[in-house]
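We did not get these values from a lab; they are worked out from the coordinates using the rules stated. No experiment lies behind these values; they were computed from the predicted model shown. As a convention, Cβ positions derive from the backbone with ideal geometry for all residues, glycine included, and neighbour counts pool all protein chains shown.
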Amino acid sequence: MDAIRIYGGKRLSGQTTIQGSKNASLPILAATLLISGTCEIENCPDISDVYHMQRLLTSLGCKVEREGALVRVNTESLSECDMPSDSVGVMRSSIMLLGALLARTGYVCMENPGGCVIGARPIDLHLRMLRKMGVVIEETGTGFCAEAARLKGTVLQMPFVSVGVTENLILAAVLAQGETVIEPAAREPEIQALCEFLTGAGARIEGSGTDRLVIHGVEKLNPVRYRIPADRIVAGTYLCACMCTGGRVFLRDAPVHHMESVLETAALMGAAIEYDPEGIMVTGREHESTCHSITTGCYPAFPTDMQSPFMVVMAMSGHDGRIEETVFENRFRIVPELRKMGAGITVQGSTAYIDGNSRLHGAIVQAEELRGGAALVVAALAAEGTCIVTNRHYIDRGYEDIVLSLRDLGADIELA
Ligand code: UD1
């Protein structure tokens with residue numbers, strides 16, 4: 001029952017509403033730890049990563065309730081500083097609790113975090129930068145204990161841009177003593193959402209959305225209600241599904257202002273995009289593709305999380321192309337699975353070369369990580385014959401009921 005069966009070849013049509021963003025929800029849920037009282041998070045996606053974050057907060061003594069898409073977190077009875085290793089082990093974002101818990105309680109012990117196997121994904125930079133803020137960290141081999149009476153603001157010069165480290169340092173800095181400068185900071189929209197949430201709670205953050213953040217520590221933050229923005233990666237995944245099947249789909253609430261590089265690429269690859277105040281209408285194959293090369297990068301460049309779904313689009317675009325991955329060193333795990341479906345793809349180092357006239361057919365394929373798993377579903381929708389995508393749990397980490405959403409759009413798809 002951990003699989004999805006797809007009978008390919010149906011054009012998608014209709015409309016789907018884009019869920020709240022996973023990558024915004026997780027650090028914002030972690031940020032509630034900084035605030036005594038009840039925070040209300042609206043539009044919180046019902047996905048397994050959020051479930052694990054809720055579970056981690058509960059295990060720390062918080063009261064967490066979900067009512068539809070609204071999640072309430074009351075941190076008044078926060079008691080524990082040791083986190084359950086099973087939830088920490090499945091989700092890389094558990095590292096986000098480190099900055100927040102240190103700021104609130106001054107002490108944390110945890111196992112090293114898990115998450116998708118898309119590269120080495122160490123946490124060395126998290127620890128190195130927190131040490132600069134006065135945190136004493138003892139590594140145990142499988143995890144670590146960290147301690148700081150009060151975090152101290154300082155200038156944090158980052159050797160490279162990291163989304164997770166930027167978020168962790170923001171969480172550590174908002175209640176720290178004095179001023180913290182993070183440079184270069186990541187500029188992802190999810191970081192802007194975190195800054196908005198914290199500013200609403202009384203934090204003083206300058207430079208949100210730029211590569212230099214200046215955070216003036218405050219004594220206290222106040223409970224706040226915040227609406228999570230729509231998920232740009234989920235919107236992009238449905239966009240790819242529409243392109244591959246030659247369909248026409250309205251993506252309600254798609255966060256277009258944060259999807260520029262993806263929408264530009266989709267338009268070059270043959271999609272027609274009509275903008276509406278409530279979302280975008282995508283028509284799959286409007287014209288010939290003129291895009292032969294994609295390079296991933298930090299926001300606002302083309303997102304690494306969209307690389308696998310676009311690999312499928314490129315394989316069906318009618319023109320050969322290449323995709324260069326610059327963020328994670330192991331993000332082509334989908335390639336052998338796509339080859340089982342008939343895709344002509346070869347990998348040399350960090351570049352994948354794609355035969356744009358691949359004819360995809362039915363196969364049993366295995367999801368090995370979240371976005372690659374979703375991309376296999378996209379490929380299966382466009383393949384001739386029946387595909388089974390196993391390891392559905394990876395996809396459930398980030399997509400709210402993908403089977404039902406795609407069925408509503410006309411796909412022939414079921415749990416298997
Ligand atoms: C976040 C996103 C993920 C996205 C990625 C890049 C969340 C929950 N996840 O992941 O969906 O694909 O940004 O946009 O928001 N690195 C180190 N040492 C560290 C930390 C990171 O070497 O201590 C490396 C990583 O291995 C990677 C690079 O830095 O090669 C960038 O990773 P990072 O931006 O930190 O990604 P995540 O925050 O894990």
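Using only Cα atoms, find the angle between the long axis of helix 232-245 and the longest principal axis of the chain, and express it within 0 to 90 degrees, rounded to the nearest 10.
10
Anyone know which of 250, 160, 328 comes out most mobile in the 10 Å Cα GNM of the chain?
In this elastic network of the chain, the residue with the biggest mean-square fluctuation among 250, 160, 328 is 160.
Can you tell me the order of 9-19, 312-322 when each peptide is scored by its average per-residue count of other Cβ atoms within 10 angstrom, highest first?
312-322, 9-19
Return one quarter of the surface area of the convex hull spanned by the alpha-carbon atoms of the chain, equal to its mean projected area, in nm². Please list the in-between numbers first.
On the way: hull surface 71.6 nm².
Projected over every direction and averaged, the Cα hull of the chain covers 17.9 nm².
State, as an integer percentage, the relative contact order of the chain based on alpha-carbon contacts under 8 Å between residues 6 or more apart.
21
Which distance in nm do the two modelled labels at residue 142 and residue 275 give, with both placed 7 Å along the Cα-to-Cβ direction?
The modelled label-to-label distance comes out at 5.2 nm.
In the chain, what percentage of the DSSP-assigned beta bridges are antiparallel, given to the nearest 5?
70
How big is the dipole moment of the chain about its Cα centre under a simple scheme where the beta carbon of each Lys and Arg is +1, that of each Asp and Glu is -1, and everything else is neutral? Debye, nearest 20, please.
180
Looking at the chain, how many pairs of lysines come closer than 28 Å at the Cα, when each pair is eight or more places apart or spans two chains?
7
Starting from the amide H of residue 384, placed 1.01 Å from N in the peptide plane, find each other amide H under 5 Å away whose residue is 5 or more places distant or on another chain.
Result for residue 384 returns 360, 361, 362.
Would you please give the residues with an amide H less than 5 Å from that of residue 397, counting only those at least 5 places away or on a separate chain, with H modeled from the backbone geometry?
48
To one decimal place, what orientation-averaged projected area in nm² is obtained for the convex hull of the Cα set of the stretch 291-416?
Averaged projected hull area, Cα only: 7.4 nm².
Once both axes come from the Cα atoms, what is the angle between helix 22-31 and the longest principal axis of the chain, in degrees from 0 to 90, rounded to 10?
10
Give me, ordered by chain and number, the residues 5 or more places off residue 279 or on other chains with an amide H under 5 Å from its own placed amide H.
Under 5 Å from the amide H of residue 279 lie the amide H atoms of 253, each far enough along the sequence or on another chain.
Please report the Cα spread of the stretch 110-235 along all three principal axes, rounded to whole Å, starting with the longest.
38, 38, 27
If each DSSP helix of 4+ residues adds -39,500 (n - 2.57) and the sum is divided by the residues in the chain, what number results at 222 nm, nearest 500 deg cm²/dmol? Working shown, then result.
On the way: 14 runs with 133 residues, N = 416.
Only helices count here, giving -9000 deg cm²/dmol.
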